[in-house]
1. Considering A:Gly87, A:Gly45, A:Gly94, which residue is under 24 Å from the mean Cα position of the chain (by Cα) and not assigned by TED's automatic domain parsing to the domain that holds A:Asp278?
2. Of all the residues that make up the range B:214-270, how many are surrounded by fewer than 22 Cβ atoms within 10 Å (Cβ to Cβ), among the charged types (D, E, K, R) and within 14 Å of B:Tyr201 (Cβ to Cβ)?
3. Among the residues of the range B:1-49, which ones are β-branched (Val, Ile, Thr) and away from chain A (no Cβ under 14 Å)?
4. Take the range A:236-259 and flag every residue that is within 10 Å of A:Met144 (Cβ to Cβ), of a type outside the set (Gly, Ala, Ser), part of a helix (DSSP H, G or I) and more than 7 Å from chain B (Cβ to nearest Cβ).
5. Kindly indicate whether any position in the range A:179-190 is within 12 Å of chain B (Cβ to nearest Cβ) and either out of contact with any strand residue (DSSP E or B) (no Cβ under 7 Å at 6 or more places or on another chain) or under 18 Å from A:Ile98 (Cβ atoms) (or both).
6. Looking at (1) farther than 19 Å from A:Asp347 by Cα; (2) out of contact with any Asp or Glu (no Cβ under 7 Å at 6 or more places or on another chain), which is the one condition that is false for A:Arg308?
7. Would you mind stating whether B:Ser52 is without any contact (Cβ under 8 Å) to a residue 12 or more places away in the chain and away from chain A (no Cβ under 14 Å)?
8. Given the conditions (1) within 13 Å of chain B (Cβ to nearest Cβ); (2) under 19 Å from the mean Cα position of the chain (by Cα); (3) of a type in the set (Ser, Thr, Tyr), and given that A:Ser206 satisfies all but one, which numbered condition is not satisfied?
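The values are calculated or read from the model by the stated rules, or taken from the named source; none is laboratory data. Bear in mind the structure is a predicted one, so any value in this text is a computation, not a measurement. Here the Cβ is made from the backbone with ideal geometry for all residues, glycine too, and neighbour counts use every protein chain on show.
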Number of protein chains: 2
Amino acid sequence: MNNFEFYNPVKIIFGKDQLKKLPLQIPSGQKIMMIYGGGSIKKNGIYTQVLSALRDYQVIEFGGIEPNPHYETAMKAVEIIKKENVGFLLAVGGGSVIDATKFIAAATLYNAGDPWDILAKNTVVKASLPIGTVLTLPATGSEMNMGSVITRKSTNEKFSFLTPFSFPKFSILMPEAAASLPQRQVANGIVDAYVHVIEQYLTYPSNAPLQDRFAESILLTLIEEGPKVYLNSADYNAMVNLMWCATMALNGTISCGVSGDWSVHMIGHELTAFYEIDHARTLAIVLPGIWKALRNEKKEKLLQYANRVWNIVDGSDDEKIDKAIQKTVDFFESLEIPTKLSSYNLDTNAVNRIVDRFEERKWKAIGDRQLITLEVVRKALEFQL
Amino acid sequence: MNNFEFYNPVKIIFGKDQLKKLPLQIPSGQKIMMIYGGGSIKKNGIYTQVLSALRDYQVIEFGGIEPNPHYETAMKAVEIIKKENVGFLLAVGGGSVIDATKFIAAATLYNAGDPWDILAKNTVVKASLPIGTVLTLPATGSEMNMGSVITRKSTNEKFSFLTPFSFPKFSILMPEAAASLPQRQVANGIVDAYVHVIEQYLTYPSNAPLQDRFAESILLTLIEEGPKVYLNSADYNAMVNLMWCATMALNGTISCGVSGDWSVHMIGHELTAFYEIDHARTLAIVLPGIWKALRNEKKEKLLQYANRVWNIVDGSDDEKIDKAIQKTVDFFESLEIPTKLSSYNLDTNAVNRIVDRFEERKWKAIGDRQLITLEVVRKALEFQL
């Protein structure tokens, strides 16, 4: 096990009828900006419930945050916040709204130049406005971590940033609000959480048996509960489990003392930036490719995964690994998430475009033991043509 | 799954050579009281290392915290703190030292009457001095939670209290410092962590598959890694896992959304208060008795435990439960922790004494679904004669 630090001060409030606790979490007298997305919260009633809970505060609204939230949109919110002297940001929605809110909170107080540098150059954030979240959609885990991913539309660039200032003060997790989610979003959420776990788990053995078992616990629970929610997002008893899995998948618990990979995300981000493929779908494409490209290097963990998550016990090591990859692909595709580039009408040109962009950016080998060279990126994507 | 709140702001710093980060955690200019136990930290060098890390601070020492720390001793520290204007408390040692420090921190700022009320009447704590910990011994999990258990020597009473003010600001976990632990303390730590998990897990099914799997993950890892540390406390690679298991066992993660039991602890506390039996040993005595007394009521979870933790698949339900209880007893006894009252030279008189005390206190049924009536307490203890 590596040395590590773990710190996660987010207060989680989870379950039914929890919005009544919202006003207890925000200092009175604060001027609040309520940030949301495309308006689904108006259809499912959450919008009205939040405003009602905040009736004693002054609230400004900022809607229209996109999936893969745009830098350009976020900067419009920053402008209003400065003008209106907003003191607290409340994100209501899913991971995109929360990610945007984290960036808005940091950009508002950033005074070391262009806020785009926070993303493109990972300059240091020294303060953020306080934020809280009301989560209506299980997927990214952003409600309980300090990460955020933002896309600059004008240049097709997608970058992330991390700072402890981004931790929400609180997150109210509302499984009931997710009851009206379309299947596609549920499927994306399941795969997103699944691959978050994989990026922290499927590297190499590093004497962290508890962290391994926790990771496998989340995967097993996603495989068990995910399809129930996919079939019926109003299945509250399954939704609570999917939602808690998605949060635990990326709140730092399973990464304590182990090295991560995250190459699937880095490559996937380019597929989203160029071709606007849903984030989770890009992960479902890239993951099997990376495993095929690095089946020897990741052999020990792939075999552990085959055994403990898919109960694969028969066959040679190679056969077990093949089966584990196939099981994973079948799981994704059972949620109607295709794993081949061709299903998204992409061919070798897309592979070249991504490899070229990484080359332009002077890509150095990244991820698990710096195994992900440009050659591996190309190979992984070619496996998925 | 029940509604729940989860909040744990303790910063964990884990691994080798981490004491160098100690001065970064405490605001400069603070007058620190360093609180420790019987002096083992002087033998293993931690004492000197801590003082050296704190050379730029004014440090007062307070040693001599007992196992099952005494209220009387804690109150002596409170007196000195008030006189000397101490602003920060640093606990260096194991769970007893940390528990004492939590109480000292709260008692110092308590101004609603006799601080004993915090324990005996669970009066509300409205402030505590800030505390940090340097953990040298895996066991209680106190380094990452808000609980504390204190014994009043003069009356043989042992009580606990909980307040968010008790969360340490940071805890430096030092597996290397535990390398010189005597076997008895290692064994106690393993059993303590094990029973902490059981108290939160072995109740009844409540649609919390992830929490269940996390709990089973800790149990499996304790069974796997614990004996290695027991045989050789200098086995760093096993010690890291034992230490992290003990912390995760009681930091709130596995209790999210589920009901606990905690009757084993409540009964065990009386065995310690009357007969000075090590805390963990009292748990090892009481747990099998409770399971035997409530084998029907806890049947579903006992069968799940038998299957997932001990891989027991053959036999009738009753046989599986018998085997699971026996496996648990064997595990405790393999660590030289006897599970029968007779091994501690106790007989029916002890059973009567405990039941009488509970009766005096107007005991109401407690624990898992309020199943633990006075009759169950008697039955459980009689099984262990």
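1. None of the other options fit; the residue is A:Gly94.
2. Adding up the residues that qualify gives 1.
3. B:Ile26, B:Ile32, B:Ile35, B:Ile41, B:Ile46, B:Thr48, listed by residue number.
4. Selection gives A:Thr247 alone.
5. The first filter runs over the range A:179-190 and keeps only residues within 12 Å of chain B (Cβ to nearest Cβ), leaving none.
No, the range A:179-190 contains no residue that is within 12 Å of chain B (Cβ to nearest Cβ) and either out of contact with any strand residue (DSSP E or B) (no Cβ under 7 Å at 6 or more places or on another chain) or under 18 Å from A:Ile98 (Cβ atoms) (or both).
6. (2)
7. Numbers: without any contact (Cβ under 8 Å) to a residue 12 or more places away in the chain: yes; away from chain A (no Cβ under 14 Å): yes.
Judged against the criteria, B:Ser52 is a match.
8. It fails just one condition, (2).
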